[in-house]
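The values are calculated or read from the model by the stated rules, or taken from the named source; none is laboratory data. Model, not experiment: these values are computed from the prediction. Cβ sites come from the backbone with ideal geometry, for glycine too, and all protein chains shown count toward neighbours. When the accessible area is computed, the model is the full protein with side chains, heavy atoms only, and any ligands, DNA or RNA have been set aside. Shrake-Rupley method; radii C 1.70, N 1.55, O 1.52, S 1.80 Å.
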Amino acid sequence: MTGDPIRRALDDVWYCVGESRSVRPGGMRAVSLGEEAVVVGREESGALFALRDRCPHRGMALSAGRIVDGNLVCPFHGWQFRPDGVCAAIPALARRDDANFASVRLARFAVEEKSGLIWVNAGQNPEAAPPIPEVDFAYSGQLVEILEVEASFDLVALSFVDPAHVAYVHDSWWWRPSKTMKEKVKHFAPSPFGFTMTSHTAKTASLAYRLLGSIPEVEIEFRLPGVRLERITAGEKRLANYTFASPLANGRTALINAMYWNISGLNLLKPLARPLMRQFLGQDRDVLQVAQRGLDRKPAMVLMGESDVQSQWYFSLKREFLRAREAGAAFVNPLEPRELRWRS
Ligand code: FES
Ligand SMILES: [Fe+2]
């Protein structure tokens, strides 16, 4: 870990911490947001809350306790906290004890639910953060896979905008039936907090595309902090392939892939698709973990040529985000429209 903020995951943005269905009404779950331990819970009404997962009394993880009558109960000495973080009771206090426990509070974090996923923002100004991704069509199916990677947030996020790794890392027969590399020409334009590869006709004959039945239009958007949104349209058929990075404790990163579709036949393929999705993400995880060990020895990268321009853009966007926050100013996208060529 270096002191340079450009090397750290941004701390005042939204990160995906899991699926909506992972937190049932009356239940809670511990999640990590970088080094911040968070307990995400759901009231019986369905409302979510996110609090620092650390009892102020002796530091116990509240996520190890229970929710009783709507309050979190610490498993160590039974202090109770309301979903807004305010201490509601200290069972050990005698009747004459006038200790003012209502002044004890847990830090509370912004939490939102979109398209079946839970997002938490531990910063002070969630309104200024890049918007949480949403699916813009009525989906009939959804598939989510989450992997832990022993690699930095940057290294995982860079893999979302790295066309040159695909031919080497993802060389499965079902993803790249043709082994030959061809020159690609792609058009990019700035979009809010990132850039978008403007819609074009997919020429690849990969299985995912063939399933759609007609020639699809593909649009790929990248936005801070580490959000890749691939949108595939073929007539009325829609497929969204979203990938996110979320920082975990000890320099680890969650790699999250969420797929959505409105194609009824695809639901039948879910049992087949899940292992393929896992294999695909596992290919990224395996290579990223080994590369991280190299970067641990020397944390420098040589970014070269047009296939690395998107990686340069990633750091430009991040630098501008940090600058704007430092200056208390609005984020101004530093990118210009550009055509990029590479072989992949
Ligand atoms: S540590 Fe939580 S009640 Fe004592
Ligand atoms: Fe990859």
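For the range 69-181, the ratio of Cα radius of gyration to the globular rule of thumb 2.2 N^0.38 Å stands at 1.77. Taking every alpha-carbon pair in the range 141-343 and binning the separations at 5 Å intervals from zero gives 1, 7, 14, 18, 21, 18, 12, 6, 3, 1, 0 percent. Which FRET efficiency, nearest 0.05, do residue 181 and residue 105 yield, Cβ-Cβ r, R0 45 Å? E between residue 181 and residue 105, to the nearest 0.05, is 0.20. Count charges around residue 64 for me, please; just the other residues with Cβ under 15 Å from its Cβ, Lys/Arg as +1, Asp/Glu as -1. Computed value for this residue: +4. If you look at the Cα atoms of the chain, you get an Rg and a Dmax of 22.2, 80 Å. Using a 1.4 angstrom probe on heavy atoms only, work out the carbon and sulfur share of the accessible area of the range 5-128 in %. Here carbon and sulfur together make up 45 percent of the probe-accessible area. The heavy atoms of residue 101 offer some 60 square angstrom of accessible surface to a 1.4 angstrom probe.
If R₀ is 22 angstrom, what is the calculated FRET efficiency for the pair residue 136 and residue 322, using the beta carbon separation as r and rounding to 0.05? If you can, show how the numbers build up before the last one.
Working: r = 29 Å, r/R0 = 1.34.
Calculated value: 0.15.
Please work out the average accessible area per residue across the chain, using the 1.4 Å probe convention, and give it in Å². Can you show the working numbers first?
Working: 17370 Å² over 344 residues.
Ligands and nucleic acids excluded, the figure is 50 Å² per residue.
Under the combined filter of DSSP loop state and at most 15 neighbouring Cβ atoms within 10 Å, the range 101-180 retains these trypsin sites (Lys or Arg not before Pro): 179. Rounded to the nearest 10 degrees, the inclination of helix 309-327 to the longest alpha-carbon principal axis of the chain is 30 degrees.
Amide H contacts of residue 107 (H built 1.01 Å from N, in plane; Pro and chain starts excluded): 52 sit under 5 Å, all sequence-distant by 5 or more or on other chains.
For residue 182, the lysines whose Cα comes closer than 22 Å to its Cα, not counting residues fewer than 8 places off in the same chain, are 203. Applying a DSSP loop filter and a limit of 13 other Cβ atoms within 10 Å to the trypsin sites (Lys or Arg not before Pro) in the range 1-98 leaves 58, 95, 96. The H on the amide N of residue 191, modeled in the peptide plane, is under 5 Å from the matching H of 196, each at least 5 residues off or on a different chain. Ranking 77, 187, 170 by solvent-accessible area of protein heavy atoms (1.4 Å probe, all protein chains present), from largest to smallest, gives 187, 77, 170. The residues 53, 97, sorted by heavy-atom accessible surface at 1.4 Å with ligands and nucleic acids left out, run 97, 53 from largest to smallest. Using a cutoff of 8 angstrom between alpha carbon atoms and counting only pairs six or more residues apart, the relative contact order for the chain works out to 19 percent. Taking the three principal axes of the alpha carbon atoms in the range 5-128, the coordinate ranges are 51, 33, 23 Å, sorted in descending order. Counting only alpha carbon atoms, the long axis of helix 270-297 and the longest principal axis of the chain meet at about 80°.
Site pair residue 198 and residue 147 shows an inter-label distance of 3.3 nm when each label is modelled 7 Å from Cα along Cα→Cβ.
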